[in-house]
Structures are given as C-alpha cells and as structure tokens.
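Asker: What follows is a structure written as structure tokens; I'll ask about it next.
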Amino acid sequence: MSIGEIIVIFFSVVMCIPTIASATRFDQWWIRGFDFPRIQISFLIICVIIASIVVYDFDKDWHLIAIAVLFISLLYQFVKIYPYTYLSGKQVMKFKGSDPDASISILVSNVLTPNKRSDKLIELVKKRDPDILLTLESDQRWEDEMSVIEKDYKYTVKIPMDNLYGMHLYSKLKLEDIKVRYLVQHDIPSIHGIVVLRSGKKVNIHCLHPMPPSPTESDTSTNRDAELLMLGRDIDSEKHTTLVFGDLNDVAWSRTTRLFQKLSGLMDPRIGRGFFNTFHTGYALLRWPLDHVFHTRDFTLIDIAREKSIGSDHFPMYIKLNHEPIAGAINEDTDAPDEEEKDWAEEKIKTANPLVEKIPFSSIGNRVQA
C-alpha cells in the first residue's frame, strides 16, 4: 500500500465517524455535536472522494469499497440538509396580497450577555420595526439599555438573568395570559402566552432557549431534547394557531428538531429557501442554523432574513408572516410521527425528569383552518 493510499484511507475512516455517530441515538454532547456541521462535513467528504479518485488506481476491490462507503456517507449527510437547499420544494408558500392587519413580524436575537453593543440591536429594531422582539442571554444591563424601545413596545416580559439564559420579550401587539415557566431546569425559563394580531386573531406563542449539549454546559442533549419534544407533543396545531421561536440550540435538520416538527405539525419557512445559519458570527466556515421560527399551517411568508451582526456570537433572525386561514390548504403537509418516534420522544422526556408534566397552553378557541 502506497503512502498516498494510507493517507487517503485514514481520512476516509475519519470522515465516516461523524456519519456513524450522528446516525445513533446516543445523547452524549460529543456525539450530538456531529448533528451540527453537516454542511462542513459534506464538503470534507467531497474533498476525500476527489483525493481517492486521484490516488486510487482501482485495481483492488477495497478501492471501490472505500469510495462507495464515502459516497454513502455523503448521501446520508446530503439527505439531512437537502430540505434546506434551493433544490427542495418550499414548505411555506409566499404571501401574495396586502393585509397589514393580519401580519406579524418577529426579530429573534441572542445578544450574548457580555456583548456591549446594544446600540446595534436598537438600530436594527428601528430599521426593521418588528412587531415582536425576543432577546436571549439578556441580563439586567441589557434590560436597562433596551428600555429606550419601550415607548414603542408597550407589552413586555422581562426575565433578566446572569447565567446566559435571560430572556426579554417586547411586543407592539397585545399580549395576553403570559406565563413564565421553567420546564426542565430551575434556571432556564421559557415564555408562553397569546399575542393578538391587529385583525383580532389570537395566536399562541412559545419562546424557548434550552441548554445545548457541550462540554461547558451539559454533558448530554437530554434536557434540550426533552424541552423541544414536550412542546412538540403538547401543541395542537389543528386547534390553535401557534408560533414557536427562539434559540433552540439545535440545528433544523437534527433528529430532535425534525421530530419536534412531526409531533407539533408546525411549518419551517426555511425549507426550500436556504440554511439561514445564525451561529457563529466569528467563524465564516463554521456556521449552522440555531435560531428558529416555526408556525402553524395558516401562515404564509412575507419576508425572512438573517440580519447583520450586532456584536454577538449569533446573527439576529427576522421573519414576517401573514395569517390567512386559506394557507392551510396550500402549504405543504408535515410528516406525522410513527409510534416508534413517539415512544422515543416520551422516553427522552421521562429521562429528563421535567419540572412540569405538561406545557401551559392558552385556550384561545380559534381553530386552524385547512
């Protein structure tokens, strides 16, 4: 075996590890970490395939086997990220028309607690003029500095914390029946309630920021997964118009987030439109989508954008939707979970030993129309 063959086979083995690891259901942080950089992993696999074609002369059977395994690994990665490429069909249709009373715009921004550039976020708020602003990792200093926008944002929910899990909700639209809950951990809040559109339509909202699996925060993804899956399990998208948004500390294509969609029946407007990678601002080649907005089928999309950096490690995420009941008939259906997936979700939730048995919901009485 030549030196070139040894080098190529070494990298071939290395590039198969992420695929094998992410295909398992182990929840250790270093295994679940392979769910995130699928774009980057795909690129590196392509590089190894090209090197294999150059180095191998294909006079040995294992040459063909090795390159076939790489292609299988690449296919696995591509299948996961394919829905978020322009090649895929769009799950949420584009809004056509003009009905400002039925629209809602949301700006989600993980501000990074030590970040001192609140002026950049305030400037972005003035530029985009969202109906709702959700800040994450915001502490008392951020609350004080953001107070200048409160003259325009009459409704607020303030949860300043120093542990990187503070959360502030600012709304121009009326908020009702707001509940702050600690679903899985005593120091990680979430916000649940109702926002009233200008048309009078009431919409359930859920704002989340679960803890990520990482060596510095959580050894496993269990608590994060449980928080997402609890919400997905308890949402009734057939009965209640719903929005879920925040920094979910999970990528759009992970098993957990995809199962959350199946359980909840919520739509992802990024499908067919791009990755919208919001983390990390400091590394152009290492980015993935962690900040999300999901919604029921009775919305169409007006605008979606990843905004410029405000000095945080996350880019802000902006979306504007229009509520129109007829959209339920034209938006693509989400897949339903099978029994095995439901059992896995319940096992995850049980393992996390959540602090509440069921997500608090508001009975707004407005059915989603299909």
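Asker: So if I check each of P215, P210, which one is within 18 Å of the chain's Cα centre (by Cα) and not aromatic (F, W, Y)?
Answerer: Working: P215 fails: within 18 Å of the chain's Cα centre (by Cα).
P210 is the lone residue from the list that is within 18 Å of the chain's Cα centre (by Cα) and not aromatic (F, W, Y).
Asker: Under 18 Å from Y318 (Cβ atoms) and out of contact with any helix residue (DSSP H, G or I) (no Cβ under 6 Å at 6 or more places or on another chain): is that true of Y182 in this structure?
Answerer: No.
Asker: If you don't mind, there's one more thing I want to ask. So which pairs qualify, if the first residue must be in segment 89-102 and open to solvent by 70 Å² or more (accessible area, probe 1.4 Å), the second must be of a type in the set (S, T, Y), the Cβ gap must be under 6 Å, and the two must be at least 6 apart or on different chains?
Answerer: Filtered contacts from segment 89-102: D101/S199.
Asker: Take segment 314-348 and flag every residue that is open to solvent by less than 30 Å² (accessible area, probe 1.4 Å) and in a loop (DSSP other than H, G, I, E, B).
Answerer: Residues satisfying the conditions are F315, P316, N331, P337.
Asker: If you take the residues of segment 281-313 that are within 22 Å of S264 (Cα to Cα), among the charged types (D, E, K, R) and in a loop (DSSP other than H, G, I, E, B), which of them is least open to solvent (accessible area, probe 1.4 Å)? So that I can check it myself, show each step before the final result.
Answerer: Taking segment 281-313 as the starting set, the residues that turn out to be within 22 Å of S264 (Cα to Cα) are 289-301, 304.
After this cut, where a residue has to be among the charged types (D, E, K, R) as well, the list is 291, 297-298.
Now restrict to residues that are in a loop (DSSP other than H, G, I, E, B): 297-298.
Working: R297: 52, D298: 1 Å².
The selected residue is D298.
Asker: Grab the strands (runs of 3 or more DSSP E) fully contained in segment 103-216, keeping just those with 3 or more residues being farther than 25 Å from K320 by Cβ and in contact (Cβ under 8 Å) with a residue 60 or more places away in the chain.
Answerer: none
Asker: Just wondering, is there one or more residues in segment 163-171 that are of a type in the set (A, V, I, L, M), crowded, with 19+ Cβ neighbours inside 10 Å and closer than 23 Å to W142 by Cα?
Answerer: Yes, segment 163-171 contains a residue that is of a type in the set (A, V, I, L, M), crowded, with 19+ Cβ neighbours inside 10 Å and closer than 23 Å to W142 by Cα.
Asker: For segment 249-270, which residues satisfy the criterion of being open to solvent by 10 Å² or more (accessible area, probe 1.4 Å) and either outside any helix (DSSP H, G or I) or without any contact (Cβ under 8 Å) to a residue 60 or more places away in the chain (or both)?
Answerer: Result: N249, R258, G265.
Asker: Continuing with the same structure: If I filter segment 42-59 for residues that are open to solvent by 80 Å² or more (accessible area, probe 1.4 Å), assigned to a loop (DSSP other than H, G, I, E, B) and farther than 30 Å from E346 by Cα, do I get at least one hit? Explain how you work it out, then say what you get.
Answerer: Filtering segment 42-59 for residues open to solvent by 80 Å² or more (accessible area, probe 1.4 Å) gives 43-44, 50, 53-54, 57, 59.
Of the ones still in play, those that are also assigned to a loop (DSSP other than H, G, I, E, B) are 57, 59.
Next cut, farther than 30 Å from E346 by Cα only: 57, 59.
Checking segment 42-59: at least one residue is open to solvent by 80 Å² or more (accessible area, probe 1.4 Å), assigned to a loop (DSSP other than H, G, I, E, B) and farther than 30 Å from E346 by Cα.
Asker: Tell me whether segment 235-248 contains one or more residues that are open to solvent by 30 Å² or more (accessible area, probe 1.4 Å), modelled with pLDDT of 95 or more, farther than 18 Å from K350 by Cβ and touching a Ser or Thr at 6+ places or on another chain (Cβ under 7 Å).
Answerer: The answer is no; no qualifying residue exists.
The values are calculated or read from the model by the stated rules, or taken from the named source; none is laboratory data. This one's a predicted model, so the numbers in the text were calculated from it and none came from an experiment. All Cβ positions, glycine included, derive from the backbone under ideal geometry; neighbour counts span all protein chains shown. We work out accessible area using only protein heavy atoms, side chains counted, and drop any ligands, DNA or RNA first. Shrake-Rupley method; radii C 1.70, N 1.55, O 1.52, S 1.80 Å.
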